[in-house]
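The values are calculated or read from the model by the stated rules, or taken from the named source; none is laboratory data. Not measured: the values here are computed from a predicted model. All Cβ positions, glycine included, derive from the backbone under ideal geometry; neighbour counts span all protein chains shown. We work out accessible area using only protein heavy atoms, side chains counted, and drop any ligands, DNA or RNA first. Shrake-Rupley method; radii C 1.70, N 1.55, O 1.52, S 1.80 Å.
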Number of protein chains: 2
Amino acid sequence: MRKAPRQARSREMVERIISAGRSVLVKDGYDAFSTNRVATAAGVSPGSLYQYFPNKTAILDVVIDRYWEQVAESVAASLADRIGGTGTNAVRDTVDALVAALEADPALLRVMAEELPVARNKSRRGVLEKRVSDLAAIYLAARPEASRRPSPAITAWVLVLSLEALATRWVLDQPPNLERDQLIEEMVALVMGYLQG
Amino acid sequence: MRKAPRQARSREMVERIISAGRSVLVKDGYDAFSTNRVATAAGVSPGSLYQYFPNKTAILDVVIDRYWEQVAESVAASLADRIGGTGTNAVRDTVDALVAALEADPALLRVMAEELPVARNKSRRGVLEKRVSDLAAIYLAARPEASRRPSPAITAWVLVLSLEALATRWVLDQPPNLERDQLIEEMVALVMGYLQG
DNA sequence: TGATGACGCGAGTATTTGCTCGTATTCAAT
DNA sequence: ATTGAATACGAGCAAATACTCGCGTCATCA
């Protein structure tokens with residue numbers, strides 16, 4: 001941020017810009033994400049935009065941050081709730097929460113996962129993965145009987161990456177002949193089979 | 001292709017351009033992939049370049065195609081070889097082949113997987129995934145005792161996506177505390193556990 | 001109420017870059 | 001050897017676009 005908006009008017013404008021950034025991204029795609037277009041969509045002049053954002057990337061970063069933050073928040077919350085639980089049901093609930101979190105805004109997910117160069121996303125996505133991975137590793141370490149795999153950290157890494165890939169692709173591709181319920185069952189089977197040998 | 005090179009000289013030039021495209025991509029990154037830069041790297045003028053390629057994208061497409069073609073070829077070949085085999089060893093060999101194929105050119109893989117917008121890759125990667133997925137589905141359908149999962153096609157989809165994600169991330173991130181051998185064992189455990197319940 | 005500074009504007013600049021076109025050079029068939 | 005086609009050149013055009021600057025407006029204080 002180049003400077004902090006002090007008056008209510010300008011704080012509103014900053015919000016309008018971020019929100020316009022999101023909708024330009026969704027409606028016009030990443031390639032069309034230009035400062036002028038964002039400014040127009042926000043009903044603001046380019047000059048005003050540059051009063052609060054140092055460059056184009058800064059706007060994009062805020063949009064990306066907010067998205068992954070929201071996903072991470074809901075997955076981690078659900079996982080933390082279930083961390084006392086045990087067995088298939090806890091796994092199912094967590095997997096469901098992951099799918100639900102990605103289903104929440106498919107249009108933006110598509111941009112994040114397919115149009116944006118992954119490098120732009122990587123650190124933010126890393127935060128999500130690390131957060132979930134750590135929780136899972138703690139769970140596994142605390143319950144040796146839940147897993148026959150040697151290293152909790154590695155086990156968590158394997159599960160998080162696999163499930164993330166499956167959930168993302170399911171949301172984006174909506175494979176025919178694979179209903180949501182069955183997807184969840186497959187993911188649960190993958191997890192339980194891997195853990196139990 | 002705008003026109004086919006007829007003389008040996010020009011065929012060589014086309015090859016030089018493609019090869020220069022690859023190395024610009026690897027050395028300078030996707031953002032720096034400009035026609036002028038590719039031309040310079042190839043020791044060729046922009047005008048010459050446009051005699052055989054209609055636009056920038058066409059050059060990029062050839063580079064991308066060649067890469068995934070090569071990966072698909074080696075994975076599919078290995079999988080086809082093992083399709084008569086059975087049990088853990090066949091799985092291990094196939095998984096190993098996947099990791100090996102991605103390890104072959106990590107620098108280019110990084111560009112493909114991280115710098116390029118996924119959309120640019122999707123169709124080519126889809127070919128790889130479909131090819132491997134179909135083979136796996138055929139194998140599973142032919143050996144009901146190998147899997148307790150209901151649908152071979154869905155089972156194959158789950159496995160291909162998971163393994164691809166794991167192998168790619170391992171090659172690119174080289175997670176500490178996860179040696180190649182152990183990665184393979186984790187992947188095998190994931191597959192066998194999922195199939196056998 | 002008037003003055004100070006935050007705010008907002010939008011035409012304009014500076015740069016990048018995909019691509020073309022007129023010209024020069026080389027090849028290969030006769 | 002000649003000639004015409006194929007090839008190669010590279011300066012430069014046109015368009016896109018990230019970003020700036022100087023000026024007018026409004027909010028918030030004394």
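Here are some notes:
- Test: residue in the range A:110-126 that is at pLDDT 95 or above, among the polar types (S, T, N, Q), open to solvent by less than 60 Å² (accessible area, probe 1.4 Å) and on the phi < 0 side of the Ramachandran plot: no
- Residue B:76 vs. criteria out of contact with any Asp or Glu (no Cβ under 7 Å at 6 or more places or on another chain), over 24 Å from residue B:172 (Cα atoms) and in a helix (DSSP H, G or I): no
- Failed item in (1) within 14 Å of chain B (Cβ to nearest Cβ); (2) under 30 Å from residue A:184 (Cβ atoms); (3) surrounded by 19 or more Cβ atoms within 10 Å (Cβ to Cβ), with residue A:33 passing the rest: (2)
- When residues of the range A:179-190 are limited to those that are within 9 Å of another protein chain (Cβ to nearest Cβ) and open to solvent by less than 10 Å² (accessible area, probe 1.4 Å), the one nearest to residue A:109 (Cα to Cα): A:183
- Looking across B:175, B:144, B:150, one residue alone is without any contact (Cβ under 8 Å) to a residue 40 or more places away in the chain and more than 9 Å from chain A (Cβ to nearest Cβ). It is B:144.
- Of residues in the range B:36-47 being out of contact with any Lys or Arg (no Cβ under 8 Å at 6 or more places or on another chain) and open to solvent by 30 Å² or more (accessible area, probe 1.4 Å), the one nearest to DNA strand D (Cβ to nearest atom): B:47
- Residue that is nearest to residue B:181 (Cα to Cα), among those in the range B:81-109 that are without any contact (Cβ under 8 Å) to a residue 60 or more places away in the chain and open to solvent by 50 Å² or more (accessible area, probe 1.4 Å): B:93
- Pairs where the first residue, in the range B:1-21, is over 11 Å from residue B:49 (Cα atoms) and open to solvent by 30 Å² or more (accessible area, probe 1.4 Å) and the second is near DNA strand D (Cβ under 6 Å from one of its atoms) and part of a loop (DSSP other than H, G, I, E, B), C-beta under 9 Å, 6+ apart: B:11/B:5; B:12/B:5
- Where a residue in the range B:41-61 is away from chain A (no Cβ under 14 Å) and its partner, wherever it lies, is of a type in the set (Phe, Trp, Tyr) and more than 6 Å from DNA strand D (Cβ to nearest atom), with Cβ under 7 Å and at least six apart: B:59/B:53
- Wholly within the range A:1-69, helices (runs of 4 or more DSSP H) carrying at least 3 residues that are hydroxyl-bearing (Ser, Thr, Tyr): A:8-28, A:46-52
- Scan of the range B:106-124 for residues that are in a helix (DSSP H, G or I) and within 11 Å of chain A (Cβ to nearest Cβ), ordered by number: B:110, B:111, B:112, B:113, B:114, B:115, B:118, B:119, B:120, B:121, B:122
- Residue count for the range A:153-172, restricted to those that are free of Cβ contacts under 8 Å to residues at least 40 places away in the same chain and either away from chain B (no Cβ under 13 Å) or among the aromatic types (Phe, Trp, Tyr) (or both): 1
- Taken over the range B:48-71, the criterion of being of a type in the set (S, T, N, Q), surrounded by 13 or more Cβ atoms within 10 Å (Cβ to Cβ) and more than 13 Å from residue B:13 (Cα to Cα) is satisfied by B:70 alone.
- For residue A:50, the conditions (1) over 30 Å from residue A:131 (Cβ atoms); (2) of a type in the set (Phe, Trp, Tyr); (3) more than 13 Å from DNA strand D (Cβ to nearest atom) are fulfilled apart from (3).
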